[in-house]
Amino acid sequence: MAKNKNNKAIWNTRIKYNTSSLFQKIGNSIDVDKRLYKEDIAGSIAHVEMLFKQKIISFKIKNKIIYGLNKIEKEISNNKFEFKKNYEDIHMNIEKRLFDIIGDEAGYVHTARSRNDQVVTDFKIWIRSATKKINTSIDKVIKSILNLAEKNIYTIMPGFTHLKNAQAVSFAHYLMAYVEMFNRDKKRFTNSLDILDENPLGVAALTGTSFNIDRNYTAKKLGFKRSTNNSIDTVSDRDFVLDFLYNSSICSMHISRIAEELIIWNSDSFNLINLSDKIVTGSSIMPQKKNPDLLEFLRGKTGTTYGNLFAMLTILKGLPLSYFKDLQEDKELIFKSNDIILDCIKILNEVLKNITPNKKKMFDLANSGFITATDLADYLVKNHSISFRRAYEKTAAIVNYAEREKKNLDKLTLEELKKIEPKLSNNVLKVFDLKNSVNSKKSYGGTSFDNIKKMIVKYRKQK
Ligand code: ARG
């Protein structure tokens with residue numbers, strides 16, 4: 001329940017009884033939305049500057065209000081501010097404190113606005129800067145990936161489909177698939193900023209206002225490209241909240257896929273990477289264990305980011321226009337997803353600095369499972385003028401033979417190969433060399449060493 005300087009509810013003249021303590025407990029959001037204090041104060045300062053410019057409030061009142069708001073900002077920043085649950089939210093807590101500091105003239109700050117436009121303004125500004133922070137931290141992960149990739153251009157591993165050996169790839173190329181995922185995340189976050197870039201301030205409760213305000217002025221002051229077009233939509237719209245939650249969900253899904261992959265590679269069965277002691281934990285009963293708990297944490301957190309997206313989608317489904325208290329849930333969901341993403345990105349960055357590929361194991365695994373079979377089929381097409389489908393059949397026959405003989409393809413002699421395809425010459429043997437195989441994929445985006453080097457340079461230059 002919000003109170004004025006006489007410790008009475010702002011709506012006390014109208015509503016006779018105090019809000020029930022249970023409702024106060026459930027309905028207050030101060031513990032969550034106090035994170036918006038800077039944005040709330042910036043919004044209020046822009047608002048009163050506009051009110052003065054439009055001759056709605058006097059110079060003296062404007063200055064007094066700005067003085068009070070700046071003082072409140074310092075108090076909050078220095079942990080000297082007492083947040084009160086009975087003042088419901090950050091907007092009311094600040095307004096109430098303004099009364100304490102400057103007296104009755106604080107009553108002018110809420111001219112021509114409502115908490116409904118105020119909260120959307122604060123929130124959009126907050127999400128805008130949170131988005132930029134997330135993108136900066138994604139950049140750091142990309143850098144770590146590139147550092148690891150640079151050291152592993154010639155590290156050869158099996159590329160999998162269906163988790164079965166498919167074709168040999170460079171470990172660096174594999175890692176840089178993650179760079180593409182993160183680049184898309186950054187773009188997705190950035191794209192959402194354009195939709196969000198509209199100033200809500202001044203639509204008041206839902207209809208706009210009869211005061212002669214200048215919304216373009218506050219838009220400019222608060223860094224918005226333009227003002228929203230429809231007052232009712234403005235206070236009802238939380239699409240920008242969904243965008244952020246969706247973007248966070250995809251980003252955390254990417255992190256989860258990487259984490260799962262690293263867990264598999266770290267398993268005793270695969271043993272393709274080692275995790276340093278900094279990023280593993282032990283078992284309370286099995287003394288030998290080094291578990292990849294951190295990676296599991298990254299994978300598991302995706303459940304919460306998806307949950308937050310679905311919570312918001314559900315809140316909005318069927319909600320009529322315009323403002324309802326249901327919408328207040330949006331802050332908690334966004335803050336949680338934001339914190340998870342930032343934590344997970346930081347942890348992933350730590351992980352990437354603490355993994356080493358087990359190069360021999362990678363190579364040996366790549367050298368099994370007839371992984372160069374496609375290279376042989378390609379060779380037959382290029383050197384023996386047959387169609388790919390025909391070459392596929394001949395190669396399959398050779399693979400069947402090797403399997404019967406329990407031999408790798410590179411262990412077959414020319415004589416053995418000639419039993420199936422008599423036209424083959426010594427030249428064919430080089431297709432079974434893994435390094436050759438990797439380096440032959442020179443098509444744009446492929447795993448050849450030259451491509452990888454060029455991509456590293458390109459990624460390092462990107463903004
Ligand atoms: N704390 C509220 C929220 O976050 C602010 C808007 C309140 N508006 C209202 N009419 N009750 O949604």
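The values are calculated or read from the model by the stated rules, or taken from the named source; none is laboratory data. Everything numeric here is computed off the predicted structure, so don't read it as measured data. Positions of Cβ are generated from backbone atoms using ideal geometry, with glycine treated the same way; all protein chains shown enter the neighbour counts. Just so you know, the surface numbers come from the protein's heavy atoms only, side chains and all, with ligands and any DNA or RNA stripped out. Shrake-Rupley method; radii C 1.70, N 1.55, O 1.52, S 1.80 Å.
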If we ask which residues in the stretch 308-323 are within 13 Å of the ligand (Cβ to nearest atom), open to solvent by 30 Å² or more (accessible area, probe 1.4 Å) and among the hydroxyl-bearing types (S, T, Y), their number turns out to be 1
From the list I285, I273, pick out the single residue that is of a type in the set (A, V, I, L, M, F, W, C) and in contact with a helix residue (DSSP H, G or I) (Cβ under 7 Å, 6 or more places away or on another chain). I273
Only one residue in F59, F81 is more than 16 Å from the ligand (Cβ to nearest atom), under 24 Å from K220 (Cα atoms) and not hydroxyl-bearing (S, T, Y), so which one is that? F59
Counting only residues that are open to solvent by 80 Å² or more (accessible area, probe 1.4 Å) and either of a type in the set (D, E) or assigned to a loop (DSSP other than H, G, I, E, B) (or both), how many does the stretch 444-463 have? 3
In the stretch 152-172, residue farthest from D433 (Cα to Cα) [restricted to those that are touching a residue at least 60 places away in the same chain (Cβ under 8 Å) and among the aromatic types (F, W, Y)]: F171
Reported set for the stretch 14-43 where residues are modelled with pLDDT of 95 or more and aromatic (F, W, Y) is Y37
Conditions (1) modelled with pLDDT of 95 or more; (2) closer than 17 Å to D378 by Cα; (3) touching a His at 6+ places or on another chain (Cβ under 6 Å); (4) of a type outside the set (S, T, Y) -> K423 fails only (1)
Flag for S322 being under 21 Å from the mean Cα position of the chain (by Cα) and closer than 23 Å to T121 by Cα: no
Only unsatisfied item for D89, checking (1) within 38 Å of the chain's Cα centre (by Cα); (2) open to solvent by 40 Å² or more (accessible area, probe 1.4 Å), is (2)
So for the stretch 176-188 (the condition being over 30 Å from N358 (Cα atoms) and either more than 17 Å from the chain's Cα centre (by Cα) or free of Cβ contacts under 8 Å to residues at least 24 places away in the same chain (or both)), does at least one residue qualify? yes
Mind checking which pairs have a first residue in the stretch 195-207 that is within 16 Å of S44 (Cα to Cα) and a second that is part of a loop (DSSP other than H, G, I, E, B), Cβ under 6 Å, 6 or more apart or different chains? N199/F224; P200/T228; G202/I213; A204/R113; A204/S114; A205/S114
